[in-house]
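The values are calculated or read from the model by the stated rules, or taken from the named source; none is laboratory data. The structure presented is a predicted model; accordingly, all values stated were derived computationally and were not measured. Note that each Cβ is placed from the backbone with ideal geometry, even for glycine, and that neighbours are counted across all protein chains shown.
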Amino acid sequence: AIWLSNEMLPAYDFWQYWRNTEDADVGRFLKLYTTLAMDEIARLEALGGAEINEAKKILATEVTALLHGRAIAEEAAETARKTFEEGIAADTLPSLTVPVAELEAGTGLLGLMVKAGLAASNGEARRHVQGGAVRINDVAINDERASISTASADADGVIKLSLGKKKHILVKAGQGEGPGTP
């Protein structure tokens, strides 16, 4: 069974479901669940070996686009590409590593948003907070003077910093500063 609701199954997971289709089912599913031209489906069906993965990615993107929209489907495909082909983030979300000492002492929310790339400046970050668009671990933050520390981390030592519904950064305590690694 697969959920069609984004609340029950995020678009990325929906995309992954279709990406993991058995090789033998790809052609049939392309015919049943996409609006691709039959000559394109025939071309994709003819792919063999490792090339079948191209057809699976197209299947996943096309079906996801029908349900969630083209932009979300392409975002899911890009997340998968970065995760699996570039090894950027095994957990599918971008991450930022902050020095342990800095997180233990507490770091300002606005500066952290800028470091994470969620805002270009403290002023922009402040406007996002005032607009109710910022969340820490899915809890809305309205205080622009908020400080983020290891106390906010989950059991794995990760803090989820979100801007709106689609931009998420995993903040991790570690050595140095910069993009995290899976």
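Of the conditions (1) in the same structural domain as Ala65 (by TED's automatic domain parsing); (2) closer than 17 Å to Thr64 by Cβ; (3) assigned to a loop (DSSP other than H, G, I, E, B), Ile2 clears all except one; give me its number. Failed condition: (1).
Of the residues making up region 29-48, those that are of a type in the set (Gly, Ala, Ser) and surrounded by 11 or more Cβ atoms within 10 Å (Cβ to Cβ) are Ala42, Ala46. Checking Thr97, Thr61 one by one, the residue that is among the hydroxyl-bearing types (Ser, Thr, Tyr), touching an Asp or Glu at 6+ places or on another chain (Cβ under 9 Å), at pLDDT 90 or above and over 20 Å from Lys172 (Cβ atoms) is Thr61 and no other. The selection criterion, being at pLDDT 85 or above and exposed (fewer than 13 other Cβ atoms within 10 Å of the Cβ), holds for Gly131.
Of the helices (runs of 4 or more DSSP H) lying entirely inside region 16-83, those containing at least 2 residues that are within 29 Å of Lys167 (Cα to Cα) span 52-68, 70-80. Annotation: of all residues in region 140-171 being among the charged types (D, E, K, R) and modelled with pLDDT of 90 or more, the one that is farthest from Val98 (Cα to Cα) is Asp143. Looking at Ala55, Ala71, Ala76, just one residue is closer than 22 Å to Met8 by Cβ and either buried (at least 19 other Cβ atoms within 10 Å of the Cβ) or touching a residue at least 24 places away in the same chain (Cβ under 8 Å) (or both), and that residue is Ala76. Quick one: in region 134-166, of everything that is among the basic types (Lys, Arg) and in a strand (DSSP E or B), which residue is surrounded by the most Cβ atoms within 10 Å (Cβ to Cβ)? Checked region 134-166; the qualifying residue surrounded by the most Cβ atoms within 10 Å (Cβ to Cβ) is Lys160.
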